[in-house]
1. Highest mean first, how do 196-205, 24-33 rank when packing is the count of other Cβ atoms within 10 Å averaged over residues?
2. Can you return the aspartates and glutamates within cross-link range of Lys331? Criterion is Cα-Cα under 20 Å, with same-chain partners fewer than 8 residues away left out.
3. Give Lys290/Lys317; Lys41/Lys317; Lys41/Lys135 a once-over and call out the pairs whose C-alpha atoms are over 29 Å from each other.
4. When the dipole is taken about the Cα centre of the chain, and only Lys, Arg (+1) and Asp, Glu (-1) are charged at their Cβ, what size is it in debye, to the nearest 20?
5. Quick one: the Cα spread of the chain along its three principal axes, in angstroms, biggest first?
6. For Val33, what residues show an amide H to amide H distance below 5 Å, using hydrogens built from the backbone and excluding near sequence neighbours?
7. Report relative contact order for the chain in percent, whole number only (criteria: Cα-Cα under 8 Å, sequence separation at least 6).
8. With a Förster radius of 30 Å, plug the Cβ-Cβ distance of Trp202 and Trp258 into 1/(1 + (r/R0)^6) and report the FRET value to the nearest 0.05.
Amino acid sequence: MEKNTQFVGQSFAFLDAVELAGRAAELNRPVLVIGERGTGKELIAERLHHLSPRWGEPLIVMNCAALPETLIEAELFGHEQGAFTGANRARPGRFEEADGGTLFLDELGTLSMAAQERLLRVVEYGEVTRIGASKPLRVDVRIVAATNDDLPAAAEAGRFRPDLLDRLSFEVITLPPLRAREGDIPVLADHFGRRMAAELNWPQWPGFSAVCAAQLEAHSWPGNVRELRNVVERAVYRWDEPGKPIDRLTFDPFASPWKPRPLMPSAAASSDSPPSPAPTIATETISDLKAAVDAHEAAIIRAALDRHRYNQRATAKGLGLTYDQLRHCMKKHGLSAG
């Protein structure tokens, strides 16, 4: 599948980062890309490669957090046959694969100190030695690294080599979180919505209702652009009235009154604070359990609707339900909308 490398946004904070990446791309120097999860660090790395003189050479991507520590060095630097148990044949590492091009090291802050030491040698001397080999190999690789860690703080704490940090930070591009990208949320939501509508073969893109647009703007987006894309695409594909503006959003797909309970009591449950008292029910008069449970559920929903002045979205939020789940319960118990 072809990757989508398109940059969408108009905020100054975002455009400044993209412009800086374009300028740094021309130089054969290492670049650090810093940002929260979902801010587009890999897209910036791709921009740095494709706008560089190395654009026709390999762009090799390695997620340093995706492999156990015992395999990181073998993946980065390669190994000879018999170098360790299971090494049945010699294998080049990512540096050799990226020779002449760019190596993108994602989650750089998770590298072990031993791997950092060997990486420092490659950066300083342009030489890589396979595990189990006696002679180094010359490589010509530009390094672009990314992290959401505070590397200067990690260096002060002894978790990251300061000399390696110095050599990798010729340029540092810090991507703004979505909440700081003024005006970009509606632009991105419209972009992702139109693409999803086209994928579903909708005849036209109806957009979002004013309520949904306000909810999108008000959300804090801890997962940034990746989270926004999921929320928008989920809303589009679940919408069953393609000709009308989308009027329902689900920010947390795991939210459900039927969510499985944890097997072990949570830390909050074991705290010193006393639990909230359960509603008092005259259990001695119950002769039909299902009817009693339904009546109790209906009473809770009716009280919540009254408390929120029959604003169904506010009621659903107050009860920890989605809008659709509240509507289902109201229909089940024959409750009117006001």
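1. On the way: 196-205: 13.0, 24-33: 18.7.
Ranking the peptides 196-205, 24-33 by packing returns 24-33, 196-205.
2. Once the sequence-local aspartates and glutamates are set aside, what remains near Lys331 is Asp240, Glu241, Asp247, Asp294, Glu297, Asp306.
3. Values: Lys290/Lys317 26 Å; Lys41/Lys317 33 Å; Lys41/Lys135 35 Å.
From the list (Lys290/Lys317; Lys41/Lys317; Lys41/Lys135), the Cα-Cα distance tops 29 Å for Lys41/Lys317; Lys41/Lys135.
4. Dipole magnitude for the chain comes out near 840 debye.
5. Dimensions of the chain along the principal axes of its Cα atoms: 85, 49, 39 Å.
6. Amide H to amide H, under 5 Å and 5 or more residues apart or across chains, Val33 pairs with Ala145, Ala146, Thr147, Ile173.
7. On the way: 462 pairs, mean separation 57.8, N = 338.
Relative contact order here is 17 percent.
8. Numbers: r = 31 Å, r/R0 = 1.04.
So, using R0 = 30 Å, E works out to roughly 0.45.
Any read-out appearing in this document is the output of simple, stated calculations on the displayed coordinates, not a laboratory observation. Only a predicted model underlies this, so the values are computations on that prediction, with no experimental measurement involved. With ideal geometry, Cβ positions are generated from the backbone for all residues, glycine too; neighbour counts draw on all protein chains shown.
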